[in-house]
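Novice: Structure provided below as structure tokens; questions to follow.
The values are calculated or read from the model by the stated rules, or taken from the named source; none is laboratory data. Keep in mind that what you see is a predicted model, and the values were worked out from it rather than measured. No Cβ is skipped: glycine too gets one built from the backbone with ideal geometry, and neighbour counts run over all protein chains shown.
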Amino acid sequence: METAPKPARGVPPKKDKPQATRKKPRRYWEEETTPSAAGASPGPPRKKARSGEPRPPRSKSAHIAQKSRFSKKPRIPKNASDRKKPQRTLSGAQDPFPGPVPAPLEVAQKFCRIDKSKKLPHSKPKTQSKLERAEAQEEEASVRAARAELLLAEEPGFLVGEDGEDTAKILQTDIAEAVDIASAAKHFDLNLRQFGPYRLNYSRTGRFLMEPVSSKICLPWPPWHRDYMCAREPGSGHYTFVQHLALGGRRGHVAALDWVTKKLMCEINVMEAVRDIHFLHSEALLAVAQNRWLYIYDNQGIELHCIRRCDRVTRLEFLPFHFLLATASETGFLTYLDVSVGKIVTALNARAGRLSVMAQNPYNAVIHLGHSNGTVSLWSPAVKEPLAKILCHRGGVRAVAVDSTGTYMVTSGLDHQLKIFDLRGTFQPLSSRTLPQGAGHLAFSQRGLLVAGMGDVVNIWAGQGKASPPSLEQPYLTHRLSGHVHGLQFCPFEDVLGVGHSGGFTSTLVPGAAEPNFDGLENNPYRSRKQRQEWEVKALLEKVPAELICLDPRALAEVDVVTLEQQKKERIERLGYDPDAKAAFQPKAKQKGRSSTASLVKRKRKVMDQEHRDKVRQSLEQQHKKKQEMAKPPGPGARPSALDRFVR
């Protein structure tokens, strides 16, 4: 008896009847589809049947527009029916505001960094497409920045008096009583008369304060004494380094404190006079210009390095984007030290005697030096000579300051003049004012406020805005101290002015001095230790070379045609021929016996004769034009000369 074979394992049994197609379940957010015919079950829409008519040809411009990622202008449908309907959400509700958030045009133009007026005259299509993509990316970035500005809720404040009231007569006690408790606590005095005078420096984030002190009256410290006291508060990092100088021993005292909570972080005695002090790229390292050499300390007061090639340093400036520490010395040398590798980049001789006045331009990292002959010189480590020299005063220059935009420079001299100069290529004075005692120290705030220290008085002038020069007619605020001023600096992102004087240190409140909002990726005052370490790695990878420091940073994105032509001319003179000239004619190889030696020589000679005939023709045309110009009769106003007979 025959039996039916059993199906193998894994083989599905045959089905006699076809299974009915399962109905696709409809979600609650999908619209109900109407059946196309009676009795037909709802399902996905069928594809349209192809007609016999040929498709219309697609234009080339439409293909290019679809291929490009960025378009110059968004395509706006003409008819309302062409516009897409707003998308439905999971709940079935429609978005009442479809599309991206519109950005204000004025705000977007403020963040725009491209100049469409300058275009390449003869650019290749590939280069032009790259430029268009770059412009589209810049426009998109400016629009995103304009939208994100809505999140910056903080606005700059200002001090406005009543009708007829002079704001310069308002005292610091009145301002401290009017503000909140947290802001009032930022106004304080440190009575350290025995350790003065003071120089100070805030960190870039504004959380740390550093004060060097050079004292002329000091207690008789024993030569072996070195006091260390370190403290650290979790989550805090305000460091103050204080150094004092004694009359007899010239010993310096350095301390670090949290200027908000007034807690001492560390304190050391360097047993030497201190000229200046400055933070490096972070608050963990600081440079101290002592009597003989330059020293590097950490935030606990431990000496890390002693740089003996930088001797007799009087002033310090740090360039954060280049990791360069600029030092001015008594010997007249301006030295650039690369702190990332610990090497001196260059040492420039200013040839102007002792250097005690120095400031940096935050816009282009150019160093400004004030000299005793009344001039201010601008220096870059890439050039051994000054980039520019400006005659500012009839006497020696006492102080120099440059605003954050790099547009205005303020100088004060021994002639008691306070002048504001325009640095946008003209270097001309915009305004000046005669001060009774003359300003010995100057500083700019982040929003363009100017402070000048004159003896024991501090005057502050304000302008119309951040990009406008301060008005020197009427002071904005005035404050009298208990000693002569020896250091001034505005605290970043805080309406606070720090003043170091012979009587100690004073923290004053200046409404409207600082930027209310900070960039968390660049200067974050609330960053942790891990975030600071990651920021240091990124900053080192993005370090700008010292050779790129120049007066106009925008010139780096342009082609220097003059220098390129000069280099080509020098290369031709050095080699004796033009390597980029037209190459000699090389005939192509042909088949069927047409590439014999005689044929190749004949073709070469034919091309050479043609080029020779073209050159002769051009020279004859030039000679003919020259003869016509010489044979042209002189004009009616020209007088004949006796030397005309020698003209050929």
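Novice: Among the residues of the range 421-446, write down those that are of a type in the set (Ser, Thr, Tyr) and touching a Lys or Arg at 6+ places or on another chain (Cβ under 8 Å).
Specialist: 431, 432
Novice: Same structure again: Given the criterion of a type in the set (A, V, I, L, M, F, W, C), within 23 Å of the chain's Cα centre (by Cα) and under 27 Å from residue 552 (Cβ atoms), identify the matching residue among 365, 328, 352.
Specialist: 365
Novice: Pick from 602, 569, 592: which is outside any loop (DSSP other than H, G, I, E, B) and over 59 Å from the mean Cα position of the chain (by Cα)?
Specialist: Just one listed residue meets the conditions, 602.
Novice: Continuing with this model, one more query. Of (1) closer than 25 Å to residue 515 by Cβ; (2) in a strand (DSSP E or B), residue 365 satisfies all except one. Which?
Specialist: Of everything listed in (1) closer than 25 Å to residue 515 by Cβ; (2) in a strand (DSSP E or B), residue 365 misses just condition (2).
Novice: Can you pull out the strands (runs of 3 or more DSSP E) entirely within the range 427-537 that have at least 3 residues that are polar (S, T, N, Q), modelled with pLDDT of 90 or more and out of contact with any Cys (no Cβ under 9 Å at 6 or more places or on another chain)?
Specialist: Where strands (runs of 3 or more DSSP E) fall fully within the range 427-537 and carry at least 3 residues being polar (S, T, N, Q), modelled with pLDDT of 90 or more and out of contact with any Cys (no Cβ under 9 Å at 6 or more places or on another chain), they are 429-434.
Novice: Considering (1) surrounded by 14 or more Cβ atoms within 10 Å (Cβ to Cβ); (2) modelled with pLDDT under 85; (3) in contact with a Ser or Thr (Cβ under 9 Å, 6 or more places away or on another chain), say which one residue 136 fails and leave the rest.
Specialist: (2)
Novice: Could you list, in sequence order, the residues of the range 508-525 that are surrounded by fewer than 15 Cβ atoms within 10 Å (Cβ to Cβ) and either free of Cβ contacts under 8 Å to residues at least 40 places away in the same chain or farther than 19 Å from residue 405 by Cβ (or both)?
Specialist: 519, 520, 521, 522
Novice: For the range 76-95, does any single residue satisfy the condition of being loosely packed, with under 14 Cβ neighbours inside 10 Å, farther than 30 Å from residue 257 by Cα and modelled with pLDDT of 80 or more?
Specialist: Checking the range 76-95: not a single residue is loosely packed, with under 14 Cβ neighbours inside 10 Å, farther than 30 Å from residue 257 by Cα and modelled with pLDDT of 80 or more.
Novice: Considering only residues of the range 289-306 that are under 29 Å from the mean Cα position of the chain (by Cα) and assigned to a strand (DSSP E or B), which is surrounded by the fewest Cβ atoms within 10 Å (Cβ to Cβ)?
Specialist: So, considering only residues that are under 29 Å from the mean Cα position of the chain (by Cα) and assigned to a strand (DSSP E or B), the one surrounded by the fewest Cβ atoms within 10 Å (Cβ to Cβ) is 298.
Novice: Let me ask you something else. For residue 361, indicate whether it is in contact with a strand residue (DSSP E or B) (Cβ under 8 Å, 6 or more places away or on another chain), more than 22 Å from residue 535 (Cα to Cα) and in contact (Cβ under 8 Å) with a residue 60 or more places away in the chain.
Specialist: Yes, satisfied.
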